[in-house]
Every structure is written in structure tokens, then in C-alpha cells.
Amino acid sequence: MSMKTAILVYNGAAELDFVGPHEVFSISATIGHPEDQLYTVAKTDEIVVGLGGLKIVPDYTFATAPVPDILIVPGTQDPLPILGDTEMLDWVKKTDEKTQWTTSVCTGSFILLASGVARGKKVTTHWMGIEPMKQMNLATVVEATRYVQDGKIVTAAGITAGIDMALWLIGRIYGPDHARQVQEIMEYHPAPPYQS
């Protein structure tokens, strides 16, 4: 089995939203599934500048990207301007028609809702976006959880929750033992110095 995973990138995307899942899928391929493909996709082939200033050269454009089995949509600090990008929303909707899994991290779930692919589903987002998302009245918004699955739509809460979601997804595809190996290699055992 070979899986193609596309990560949408755009100016202002929060870096850890996509770099965290990228690391999970990259390690998964390295330790057991070298046939898997992992790539970034943007509207054009111009350099994308993330929210924190990280510069990304996209692997493909909307026009040239291979059809993925998995789509990962990161969020941004203020998703409202992105929600008016009809070209991006159309690409997400068209891509979702052929994916096995369509996922988002943080406020990326607003993009899934605006494109139509998550409407009527159970979704989550960053805690700061919960109330605005509820006001949209387009989905059942789930609070206080790291990720939510509804059919093939999987949405993760804020930023680091994307790592949890990606590990869960790897476990669904290749089994929990493989996902645990990825987690161990990442030394992903969260123990933050400041508890909330």
C-alpha cells in the first residue's frame, strides 16, 4: 500500500500546524513505508511565508499536484481572509472528493467548513476559535478534545494537536504498533514545564 499525503501551505499558515504532521508522516515513511509520498501544495510555485516567517518552497501547485490519499489543511491566526479565497476553497473541495482522509489542524477546520467538506460534521478547532465556529452554525463543534473524527474528516484542535491527530491517523492506516514506533522516534511524550 502506498499513501500520498498532501499538505496545503499558504501565506500566514501556522508553521507547527503543518510541520508537526509532516514530521509524523516523514518518520512513518522512513521506518517502514518508503513508498509513501509526502508533499506540500500551494496556489502557485512562489515561496510561501508562514505565520512566524518560515519560508517554504511548495512542491506542487494546485494545477500540478498529484491527487492525494490524505489532505492536511493547517490553520492561521485569523482565518477570515482565507475564507474568501475561492480558488483555495474550490481546490480543497475538489481534492476532498478523491481523498481517503481529509484533515485539518487548528483553524484549518474553518477552511474545511467554508469549502463545504466538513459541513454538518463533528469538528473541533483551536480553543480561541470555538465560539466563532459555533456562531457559523455549520457543524457540531466539539470542545476540550485533541482531535475529532467524523467519517473521513478529522479535525485537530490548536497547533500541537496536529501531532496527536497525525499519530492517530498513522495508527489507523498502519496499526498502533507502527504509530508507537513513530512516537518513540519523535520522543513525543509531552511534559510541558508550565501546566495549564
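The values are calculated or read from the model by the stated rules, or taken from the named source; none is laboratory data. From a predicted model like this one, the values you see are computed outputs, not experimental measurements. All Cβ positions, even for glycine, are placed from backbone atoms using ideal geometry, and neighbour counts span all protein chains on display. The accessibility values were calculated without ligands, DNA or RNA, using every heavy atom of the protein model including side chains. Shrake-Rupley method; radii C 1.70, N 1.55, O 1.52, S 1.80 Å.
Numbers below:
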| item | result |
| --- | --- |
| Looking only at the range 102-115, and only at residues there that are β-branched (V, I, T) and under 15 Å from V148 (Cβ atoms), the one that is surrounded by the most Cβ atoms within 10 Å (Cβ to Cβ) | V105 |
| Test result for T40, at pLDDT 95 or above, closer than 26 Å to E187 by Cα and either β-branched (V, I, T) or open to solvent by less than 10 Å² (accessible area, probe 1.4 Å) (or both) | yes |
| Residue, farthest from the chain's Cα centre (by Cα), within the range 4-42, restricted to residues that are part of a helix (DSSP H, G or I) and among the aromatic types (F, W, Y) | F25 |
| Residue match in the range 47-59 (condition: closer than 18 Å to T95 by Cα, modelled with pLDDT of 95 or more and surrounded by fewer than 17 Cβ atoms within 10 Å (Cβ to Cβ)) | no |
| Residue check for G129: part of a loop (DSSP other than H, G, I, E, B) and surrounded by fewer than 23 Cβ atoms within 10 Å (Cβ to Cβ) | no |
| The range 103-126 residues that are of a type in the set (D, E, K, R), paired with ones that are in a loop (DSSP other than H, G, I, E, B) (beta carbon under 8 Å, 6 or more apart) | R119/L138; R119/A139; K121/A139; K121/G151; K122/A139; K122/V142 |
| Contacts under 6 angstrom Cβ, first residue in the range 12-38 being free of Cβ contacts under 8 Å to residues at least 12 places away in the same chain, partner of a type outside the set (V, I, T), 6 or more apart | A29/D36 |
| Residue list for the range 82-101, filter: open to solvent by less than 30 Å² (accessible area, probe 1.4 Å) and part of a helix (DSSP H, G or I) | I82, M88, L89, W91, V92, T95, D96 |
| Members of the range 69-81 found to be part of a loop (DSSP other than H, G, I, E, B), surrounded by fewer than 24 Cβ atoms within 10 Å (Cβ to Cβ) and touching a strand residue (DSSP E or B) at 6+ places or on another chain (Cβ under 6 Å), listed by number | D69 |
